[in-house]
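Each remark here refers to the structure printed beneath this line.
The values are calculated or read from the model by the stated rules, or taken from the named source; none is laboratory data. As the structure is a prediction and not an experimental result, all values here were calculated from the model. So basically every Cβ, Gly included, is an ideal-geometry build from the backbone, and we count neighbours across all protein chains shown. The area values use the complete protein model at the heavy-atom level, side chains included, leaving out ligands, DNA and RNA. Shrake-Rupley method; radii C 1.70, N 1.55, O 1.52, S 1.80 Å.
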Amino acid sequence: QVQLVESGGGLVQPGGSLRLSCAASGSIFSIVAMGWYRQAPGKQRELVAIIISGGGTNYADSVKGRFTISRDNAKNMVDLQMNSLKPEDTAVYYCHTVSGGRIYWGQGTQVTVSS
């Protein structure tokens, strides 16, 4: 099984930046993609960004141009650099991956954007 641990969440003012990190450990097999999801109060969990094994990325329209996802294969980590943050970005952010045909989620890290 795979364990995912997120870090880097916190409180930031609008227009500020934050960097989230996710470290994967355990029995890791055939990971083709890793991603970040988020869930705000009263809303469904939504996809934020995905990075595939070949390095390609995909982003939600709401974060394009502001967020950047990256991966360190040697350390089994995936990061999410968040710039120009807006109050609408406030949510719990979750790391996600599929390995060995099984789905894994991190515990989540809170991001709050407020003045």
When both residues are 6+ apart or on different chains and their Cβ atoms are under 7 Å apart, which pairs have a first residue that lies in segment 83-112 and is assigned to a strand (DSSP E or B), and a second that is modelled with pLDDT under 95 and open to solvent by 60 Å² or more (accessible area, probe 1.4 Å)?
98/32; 99/29; 99/30
Of all the residues that make up segment 19-44, how many are surrounded by 14 or more Cβ atoms within 10 Å (Cβ to Cβ) and among the polar types (S, T, N, Q)?
2
Residue 3 meets each of (1) in a strand (DSSP E or B); (2) surrounded by 14 or more Cβ atoms within 10 Å (Cβ to Cβ) with one exception, condition (2)
Taking segment 15-65 and keeping only residues that are of a type in the set (A, V, I, L, M), within 12 Å of residue 81 (Cα to Cα) and assigned to a strand (DSSP E or B), one is left with 18, 20, 48, 49
Among the residues in segment 80-92, are any surrounded by 12 or more Cβ atoms within 10 Å (Cβ to Cβ) and under 14 Å from residue 4 (Cα atoms)?
no
Which one of these does residue 10 not meet: (1) surrounded by fewer than 14 Cβ atoms within 10 Å (Cβ to Cβ); (2) modelled with pLDDT under 95?
(2)
